[in-house]
Amino acid sequence: MPEQPVNVILAVDCGSTTTKAILIEREADGEYRLQVRGEAPTTVEKPFEDVTMGVRNAVKEVEELSGRTLLDGQGIITPARDRRGTDLFLATSSAGGGLQMMVAGVVKTMTAESAQRAALGAGAIVMDTIAVDDGRLAYQKIERIRQLRPDMVLVAGGVDGGTVSHVVEIAEILSASDPRPRLGSGYNLPVIYCGNVDAQPQVAKLLQDKTDLRFLPNIRPVLEREELGQAREAIHNLFMEHVMAQAPGYRTLLEWTHAPIMPTPAAVGKIIQTVARENAVNIIGVDIGGATTDVFSMFNGVFNRTVSANLGMSYSVCNVLVETGTDNILRWLPFSIDPAELKNRIRNKMIRPTTIPHTLEDLLIEQAIVREALSLAFAHHKTLAVGLRGIQRQRTIGEAFQQTSGADTIIDMLELDMLVGSGGTLSHAPRRVQSAMMLMDAFQPEGVTRLAVDSIFMMPQLGVLADIHPRAATQVFEKDCLIHLGTVVAPRGRGRSGEKAITGRVRWAGGSADVAVPWGEIRLIPGQGPFQVELHPHQGADIGAGRGRTLHRELPGGVCGLFLDCRGRPLFLAEDDKTRVRQLLKWYEQVGMYPMLVGGRL
Amino acid sequence: MSDAYLPGLTVSEATIIRKVRRLPLKGDVLVERGMRVEPETVVARTFIPGRPHLVPVANLLNIEPAEVEEVMLKAVGDPVEEGEVIARYSAFFGLFRGQCQSPAAGTIEHISPVTGQVTIREPAVPVAVKAYISGVVTEILPREGVVVETPAALAQGIFGIGGEGCGRLRMAVKQPDEVLTARHIRDDDRGRILVGGALVTAEALRRAEEAGVTGLVCGGILDKDLHEYLGYEIGVAITGHEDIPLSLVVTEGFGKLPMAAKTFALFQKLEGQTASINGTTQIRAGVLRPEVVVSRPGIAAAETETVATGLEIGTRVRVIRTPWFGRLGVVSALPVQLQKIESEARVRVLEVTLDTGQRVTVPRANVEILAE
């Protein structure tokens, strides 16, 4: 970290497909603002096999656009002098497959789940979760561990002072399977043990000689408490020491940066948490990349992150197809296409991942896949964003009748204040209203929710900057990063198509309108707002003020405006093709999503 | 993006091929520097620890884990046979008794007084790494493997399945746009690598398997044929470990796509020679493309400079996305300004004069440079 005042900051994110660089400068009024950005394909692929080439190319574009010289033969020029160099150079990375981990715990829904949360929060892809009660026989677990070649393993299990035998059993399985690291055969696999402290001597006996074993305090010292901070920090350090050091070109990149390279998802998580905390809101963030889709949430102060390792828009696009099925993709299209042709197109996208949709038809297909990838990833997120299980709690009569376990997802869409989308397909959609609709269709927010996208895909860089220079990160985030799309008001539930769903009045500076939106339809009132709304839900629906209660609020708009989404929750698409196409075309027309799509014709 | 295009795949008559042949674990290198090796030559060997078996002795004998050591008939390091009694328990003058047998032949590796489990490890499994290509050993990686080098012809594909193999090349079709069907595959094609044209059908793949063909190379494949042949759909673009007896290299992509003329001509020239084929593809995390390599010792070859220098007027390209997917042409203009395309996105474009004479505007990201 340089000691002189920071006036110029250069930050790069090496994604699995694209390397993005941003240049931030302190302006005359003392405020930090984004100046330009550049991007270039990531160069982990042969013949380059050197991540710094992609970084140089992206920075070169920044140089061209800003007129500032940043590169010389050695690398990045520091510090900044006049129009040369930068004071701070930071990097995040998810290239080379990111950080791939295996986690283990004793009880699948308790310590193993805590271990999973620790790894995911640190930005890892969890390849598998091994638990004593995961339903597999010992030899099956061993076979699985032998097949996987993770970058590191995290072992949790038991509470301090509790029984040691179960967690030792996990260590025995691990020891028997003799796991190997993914990259290189010249070093031992890093294993972090953060389970019952009393089992440490036995675990050491089993794993010390075979692995690079590290001990940390228990992440579940007692059942009622989960302490993930130290484990996450240890994972970051090991990521730097082992994974990054093995990846092509990273040693050089490490020499250039002023702070450790952070895994991209960990950086995005940091900025999401900062925003939720500072604005006291419940927030969901999603980053849909080429290989993976990450979902972050902060609900009532509890942070969760999940990564759907094989849901993405380029390398993993065929997996979206396999998981959701062709029919689910086709249902978003207001035209017919031969499913075999659709699959060939999607496969060609997989093998040539950097191509972009040229035709409108291709754009609609791509945006259909995005919706499916997002909703699969969100469904996955909800299964892990749950309260601590295994603790005693009093159940209400209602819960007892509903047969809930008391550890259901903490994600309540009615409580969600803000939904932020990131990733090429959301940030670079030709029309912002397309991004808004993709988010609404996949996440189906209820009540009142603000929608935003990461304008140019810079949450990772701002996340790593938040650690080093929080003021600069916050200023750029507020002024340059987010594009507010608008606010959506959506009733929970569903009514009969055509019947009244919301009626009322919306006022804004210089205008007002009476609104009456029936079930099965959506309206967009364009404008930045703020909008003074007085909206009455019908048929006992809840739009954020309680069942059947009128919503009186001031709501911000955005580049799109105020959406009144009465299409129903869960969103329903007709099975009959003709009706479905009519339904889609009506919605697309009601919000101006694809104006070039005239009467359903391309 | 300033350079928003993919580098084309290498198709070269003479290049230097260098293959690192590495063991999964440290072991013994069996060849020396300077030695000539053939594709089937074993260059390094090691032993992978055998499969472990966990026997819950305490549970089976209904005793405390701490008592397991007392009832064991074998100690750590002792060899055991399958079915051999490894622990025996007797109490109250034989009133309560029981015994545990080994589920496999191996060695006692661990006896746990905490969980009461005994680990038995099967004998180590030998693993050999072959040279894969004909060439000369130019480097020894101590205890890990070797580097084999040779001047060779190389054709990289875009997608493949199946692992490594070698065999003689035979042109199964006459034209690059011909479809490779089952009738093109002969009974005497066992051990060969067959070159097809625009497409290979599922039926042809099955026939090739039946005839004992080592590998197939063709321009394209339909998703439904691949699905039908494998019996499942490939989700993530990581291949090479399919349980199939042959390798397939697709040079152009999914669909009926004639093999590029240059690639087809190269195979015609090399017909009858021994080639190495590898269908392994990984389009994520350290990209691997499938390939066909034909060693050509004695031929003058230089390292192929595959780092594309950039798009220029006159550069030969292939369009890699609809609406002109698979069409070939020449770059005829490179406008600097961003342009709005049909999808309404504003992107960098180029103008291509297709081989048909039609001039079209295409996003730069949607073409690839053809190695000429």
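Considering only DSSP states other than H, G, I, E and B, which chymotrypsin sites (Phe, Trp or Tyr not before Pro) in segment B:223-257 qualify as loop sites with at most 15 other Cβ atoms within 10 Å?
On the way: sites: B:229, B:232, B:254; in loops: B:232.
Answer by residue number: B:232.
Enter the buried accessible area of the A/B pair, total of both sides, probe 1.4 Å, in Å² rounded to the nearest 100.
Roughly 5700 Å² of accessible surface disappears when A and B pair.
In whole Å, what is the distance between the alpha-carbon centres of segment B:221-282 and segment A:295-340? Each part reduced to its Cα centre gives a spacing of 27 Å. Note on residue B:187/residue B:271: beta-carbon distance plugged into 1/(1 + (r/R0)^6) with R0 of 25 Å gives a FRET efficiency of 0.85.
So what is the relative contact order of chain B, in percent, for Cα pairs below 8 Å that sit 6 or more residues apart?
18
Counting Cβ atoms of other protein chains within 10 Å of each Cβ in A:136-144 and taking the mean gives 2.
For B:72, A:350, the ranking by accessible surface with the largest value first comes to B:72, A:350, using a 1.4 Å probe.
Return the FRET efficiency for the residue pair residue A:83, residue A:237: r is the Cβ-Cβ distance, R0 is 30 Å, and the value is rounded to the nearest 0.05. Working from the Cβ atoms, E equals 0.25. With a simple spin-label model that places each label point 7 Å from the Cα along the Cα-to-Cβ direction, the separation between residue A:139 and residue B:340 comes to 6.6 nm. Segment residue B:206..residue B:302, full-extension length gain: 30.7 nm, with 0.36 nm per residue of separation and the alpha-carbon distance subtracted.
Close amide-amide hydrogen proximity is noted between residue B:87 and B:73, B:100, each under 5 Å apart and 5 or more residues distant or on a separate chain (H modeled in the peptide plane; Pro and chain starts excluded). Take every pair of alpha-carbon atoms less than 8 Å apart whose residues are at least six positions apart; their mean separation over the length of chain A yields a relative contact order of 11 percent. Partner aspartates and glutamates whose Cα lies under 16 Å from the Cα of residue B:174, excluding those fewer than 8 positions away in the same chain, are identified as B:271. Take each residue in A:288-295, count the other chain C-beta atoms within 10 Å of its C-beta, and the mean is 1. Label-to-label distance for residue A:496 and residue B:141 is 7.2 nm, based on points extended 7 Å past Cα in the beta-carbon direction.
Dipole of the protein assembly as shown computed with +1 at Lys/Arg Cβ and -1 at Asp/Glu Cβ about the Cα centre; of A:342, A:477, A:457, farthest Cα towards the positive end is A:342. The residues of segment B:227-247 listed by number as losing at least 10 Å² of accessible area in the complex, against the isolated chain and with a 1.4 Å probe, are B:233, B:234, B:235, B:236, B:237. Each Cα pair under 8 Å and six or more residues apart adds its sequence gap; the mean of these over the residue count of segment A:233-312 is a relative contact order of 19 percent. Here is the list for segment A:518-602: GluC sites (Glu not before Pro) lying in DSSP coil, each with at most 11 other C-beta atoms within 10 angstrom of its C-beta, are A:575.
Whose amide H sits under 5 Å from the amide H of residue B:247, counting only residues 5 or more places off or on another chain, with H placed in the peptide plane? Sorted by chain and number, the residues that satisfy this are B:215, B:216.
Here the spin labels are modelled as points 7 Å beyond Cα on the Cα-Cβ line, and at residue A:549 and residue B:244 they lie 6.1 nm apart. In chain A, the calculated helix contribution to ellipticity at 222 nm averages -10000 deg cm²/dmol per residue, counting -39,500 (n - 2.57) for every DSSP H run with n ≥ 4. Counting protein heavy atoms only, segment A:98-251 has 49 percent of its accessible area on carbon and sulfur, 1.4 angstrom probe. Can you give the accessible area of residue B:122 in Å² (nearest 10), computed on protein heavy atoms with a 1.4 Å probe? Looks like 60 Å² after rounding.
Compared with the alpha-carbon gap, the fully stretched path from residue B:75 to residue B:25 is longer by 15.2 nm at 0.36 nm per residue. With 19 Å as the limit, write out which pairs from A:210/B:26; A:343/A:586; A:349/B:224; A:343/B:224 have Cα-Cα distances beyond it, or answer none. Violating the 19 Å limit, Cα to Cα: A:343/A:586.
Relative to the 2.2 N^0.38 Å rule of thumb, segment B:316-369 has a C-alpha radius of gyration ratio of 1.01.
Sparsely packed loop sites in segment A:408-506 (the trypsin sites (Lys or Arg not before Pro) outside DSSP H, G, I, E and B with at most 15 other Cβ atoms within 10 Å) comprise A:496. Bridging of residue A:108 to lysines at a Cα separation below 20 Å is possible for A:141, A:382, once same-chain residues fewer than 8 apart are set aside.
Accessible area per residue for chain B is 44 Å², calculated with a 1.4 Å probe on protein heavy atoms, without ligands, DNA or RNA.
The slack in the chain from residue A:577 to residue A:532, taken as 0.36 nm per residue of separation less the alpha-carbon distance, amounts to 12.3 nm. Applied to segment B:263-277, the Karplus parametrisation 6.51 cos²θ - 1.76 cosθ + 1.60 on θ = phi - 60° returns per-residue 3J(HN,Hα) values of 5, 4, 4, 4, 5, 4, 5, 8, 3, x, 8, 7, 10, 9, 10 Hz, with x for Gly and Pro.
The values are calculated or read from the model by the stated rules, or taken from the named source; none is laboratory data. The model shown is predicted, which means the values in this text are computed figures rather than measured ones. Methodologically, a virtual Cβ is constructed for each residue, glycine included, from the backbone with ideal geometry; neighbour enumeration extends over all protein chains shown. Areas reflect the complete protein model, heavy atoms only, side chains present, ligands, DNA and RNA absent. Shrake-Rupley method; radii C 1.70, N 1.55, O 1.52, S 1.80 Å.
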